[in-house]
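*Asks:* Quick one: the structure is below, and I'll ask about it shortly.
The values are calculated or read from the model by the stated rules, or taken from the named source; none is laboratory data. Given the structure is predicted, the values throughout are model-derived calculations rather than measurements. All Cβ positions, glycine included, derive from the backbone under ideal geometry; neighbour counts span all protein chains shown.
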Amino acid sequence: MAKKSTIRSSELSDDDLFCLTQNGDTEAFNALFRRYERKVYLYCMRVLLDEDLAHDAFQEAFMRLYEHRRSYDGRNFMVWFFTIVRNVCLNMRRNKKVTVPFETSIANEAPAKITDVVLNEHIVVALNQLPIDHREALVLYEYDGYSYQEIADITGVSIATVKIRIFRARKLLRTLLYPVVYDNGV
């Protein structure tokens with residue numbers, strides 16, 4: 001029988017909620033799901049560039065989180081969970097047979113709410129042209145707000161590598177978007 005917590009989930013950290021989840025508290029798991037559902041789905045969309053695959057990765061990531069809750073190693077929950085999400089996305093990308101164009105969706109909304117639709121479309125196209133490791137680092141940093149250290153932990157690379165990937169992604173984006181911004185008067 002599933003246990004139910006009597007403590008309000010908004011008062012608990014992610015690590016505390018996951019400890020409760022490990023002990024069978026389904027309400028704690030539901031609270032974690034609500035906290036992370038949008039962030040995980042948007043990450044999957046930005047990495048996989050396909051709504052169906054992103055939806056599948058989203059579901060798979062939360063299923064793996066629950067299935068492997070007993071193997072949690074005690075490190076930062078967010079880093080541990082996003083490592084699972086990242087691995088699910090990488091596996092889906094590797095196993096993907098058909099490339100489907102990325103359509104405009106809520107995953108393309110920048111935190112600053114880009115109001116110029118044409119510019120937003122060009123940004124999405126430019127992001128899709130970045131190498132996957134560069135795009136992943138940039139998305140985690142700029143869109144999801146993770147620190148260099150958190151990105152390094154999630155992706156399993158050094159902080160220096162994360163900084164280089166973000167620098168190169170920005171440089172490539174500037175190159176790709178320069179004609180759009182300066183030649184079209186956007």
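*Asks:* Does region 122-145 hold any residues that are over 14 Å from residue 49 (Cα atoms), in a helix (DSSP H, G or I) and among the small types (Gly, Ala, Ser), and which are they?
*Replies:* 137
*Asks:* Only residues that are surrounded by fewer than 19 Cβ atoms within 10 Å (Cβ to Cβ) and not in a helix (DSSP H, G or I): list them for region 146-186, please.
*Replies:* Passing the criteria: 147, 156, 157, 158, 184, 185, 186.
Each row is one residue, and each column tells you yes or no for (1) modelled with pLDDT under 90; (2) assigned to a helix (DSSP H, G or I).
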residue: 65; (1), (2): no, yes
residue: 73; (1), (2): yes, no
residue: 81; (1), (2): no, yes
residue: 88; (1), (2): no, yes
residue: 92; (1), (2): yes, yes
residue: 107; (1), (2): yes, yes
residue: 115; (1), (2): yes, no
residue: 120; (1), (2): yes, yes
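*Asks:* Here is a further query. Might you let me know whether region 14-25 holds any residue that is under 24 Å from residue 142 (Cβ atoms), touching a residue at least 12 places away in the same chain (Cβ under 8 Å) and part of a helix (DSSP H, G or I)? Break it down into steps so the answer makes sense when it comes.
*Replies:* Residues of region 14-25 under 24 Å from residue 142 (Cβ atoms): 14.
The next check asks that each one be touching a residue at least 12 places away in the same chain (Cβ under 8 Å); those that pass are 14.
Next, from what is left, pick out any that are part of a helix (DSSP H, G or I): 14.
Checked region 14-25: at least one residue is under 24 Å from residue 142 (Cβ atoms), touching a residue at least 12 places away in the same chain (Cβ under 8 Å) and part of a helix (DSSP H, G or I).
*Asks:* Please pick out the residue among 57, 2 that is under 23 Å from residue 139 (Cα atoms) and either among the small types (Gly, Ala, Ser) or modelled with pLDDT under 90 (or both). Show your work before the answer.
*Replies:* Details: 2 fails: under 23 Å from residue 139 (Cα atoms).
One residue alone meets the criteria, 57.
*Asks:* Here is a follow-up. Which members of region 6-54 meet the condition of being touching a strand residue (DSSP E or B) at 6+ places or on another chain (Cβ under 7 Å) and either closer than 21 Å to residue 76 by Cβ or at pLDDT 95 or above (or both)?
*Replies:* 23, 25
*Asks:* So, one more: For region 148-165, check the following and say yes or no: at least one residue is within 21 Å of residue 42 (Cβ to Cβ), at pLDDT 80 or above and hydroxyl-bearing (Ser, Thr, Tyr).
*Replies:* yes
*Asks:* Go through (1) under 23 Å from residue 26 (Cβ atoms); (2) touching a helix residue (DSSP H, G or I) at 6+ places or on another chain (Cβ under 9 Å); (3) surrounded by fewer than 16 Cβ atoms within 10 Å (Cβ to Cβ) for residue 75 and report which single condition fails.
*Replies:* For residue 75, the exception is condition (1).
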